[in-house]
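The values are calculated or read from the model by the stated rules, or taken from the named source; none is laboratory data. Every value quoted in this text rests on a predicted model; they were computed, and no experiment measured them. In this analysis, Cβ positions are derived from the backbone assuming ideal geometry, glycine residues included, and neighbour counts consider all displayed protein chains.
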Amino acid sequence: MIFFFGNQFFGNIVYHWWEVKPVSKKEIPKNSKIAIVLSGFSYYDFELKRIHFNHSCDRIFQTLQLYKEGYVDKILISGGSGNIKRPEEIESIFVKEYLVSIGINANDILIESNSKNTFENAKFTKEVLLKNGYSLNDTFLLVTSGYHMRRSIKCFDKQGIKTFAFAADGRSGEAKTYPDELLIPKTGVYLMWDVVIHEWIGYFTYLMTGKI
């Protein structure tokens, strides 16, 4: 168990199989309206009164580049509070405040602040899009981590939202056959398994409950 789940070679093979791969910007549909970025990449420090980004922050940084380069006109941040003890910690609100503070036009940022999971991301984002006059037949970029994209795209499909998968935060490396990667367990690989097993459980739970 220690050898297998700590093995970088096996871990990379599994991740490479599961992750949705990133695409070239040239593949982005020309009529894309909004980049919908799913939360889970930051938290707010109320004592220091500033936002902190975690290992999934590539989601928002890739989105910012898409916006700056004109691939999308607006950014929609989807995510409420997943913290039971601190329901006031609504990620989308704090992320919008951060984006405005670095010069992004507030009128170009939409937020969905009620969701607590991926299913609700899609459900409540649909409401925000319709409320703001968008058609579900428009094309929207869906930005989330590659390991999270399979479940996410299915949730948005279920809600009738036409999306184009723009995966960020790629974690699968090349499956190298170097002796250290084949023979020496690494603690970081256990964390990779933790993430991917969480996604498998989430995917099949959503499948069984009709959410995707």
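For the residues 100, 128, the requirement of being more than 25 Å from residue 209 (Cβ to Cβ) and not in a loop (DSSP other than H, G, I, E, B) singles out 100.
Taking the criterion of being outside the structural domain of residue 70 (by TED's automatic domain parsing) and assigned to a loop (DSSP other than H, G, I, E, B), would at least one residue in the stretch 185-204 satisfy it?
Start the filter on the stretch 185-204 by keeping residues that are outside the structural domain of residue 70 (by TED's automatic domain parsing), which leaves 185-204.
From what's left, assigned to a loop (DSSP other than H, G, I, E, B): 185-186.
Scanning the stretch 185-204, I find at least one residue that is outside the structural domain of residue 70 (by TED's automatic domain parsing) and assigned to a loop (DSSP other than H, G, I, E, B), so the answer is yes.
Of the residues 116, 123, which single one is in a loop (DSSP other than H, G, I, E, B), closer than 21 Å to residue 204 by Cβ and charged (D, E, K, R)? Outline the logic, then answer.
Details: 123 fails: in a loop (DSSP other than H, G, I, E, B).
On inspection, the qualifying residue turns out to be 116.
Here the stretch 67-89 is the region considered, the condition is being aliphatic (A, V, I, L, M) and buried (at least 20 other Cβ atoms within 10 Å of the Cβ), and the residue that is modelled with the lowest pLDDT is 72.
Out of 34, 109, which single residue is closer than 22 Å to residue 163 by Cα and either crowded, with 20+ Cβ neighbours inside 10 Å or touching a Gly at 6+ places or on another chain (Cβ under 6 Å) (or both)?
Of the residues listed, the single one that is closer than 22 Å to residue 163 by Cα and either crowded, with 20+ Cβ neighbours inside 10 Å or touching a Gly at 6+ places or on another chain (Cβ under 6 Å) (or both) is 34.
Among the conditions (1) touching a helix residue (DSSP H, G or I) at 6+ places or on another chain (Cβ under 9 Å); (2) surrounded by 13 or more Cβ atoms within 10 Å (Cβ to Cβ); (3) under 25 Å from residue 137 (Cβ atoms), the only one that residue 63 does not satisfy is (1). Residue count for the stretch 25-39 satisfying the condition of being at pLDDT 90 or above and among the small types (Gly, Ala, Ser): 2.
Are there strands (runs of 3 or more DSSP E) fully within the stretch 8-68 with at least 1 residues that are assigned by TED's automatic domain parsing to the domain that holds residue 114 and farther than 22 Å from residue 102 by Cβ? List them.
Once the strands (runs of 3 or more DSSP E) in the stretch 8-68 are filtered for at least 1 residues that are assigned by TED's automatic domain parsing to the domain that holds residue 114 and farther than 22 Å from residue 102 by Cβ, what remains is 32-38.
With respect to being aliphatic (A, V, I, L, M), under 18 Å from residue 165 (Cβ atoms) and touching a residue at least 60 places away in the same chain (Cβ under 8 Å), residue 66 fits the description.
Determine, yes or no, whether residue 72 is under 16 Å from residue 146 (Cα atoms), part of a loop (DSSP other than H, G, I, E, B) and in contact with a helix residue (DSSP H, G or I) (Cβ under 6 Å, 6 or more places away or on another chain). It would help to see each step written out before you state the result.
On the way: under 16 Å from residue 146 (Cα atoms): no; part of a loop (DSSP other than H, G, I, E, B): yes; in contact with a helix residue (DSSP H, G or I) (Cβ under 6 Å, 6 or more places away or on another chain): yes.
The answer is no for residue 72.
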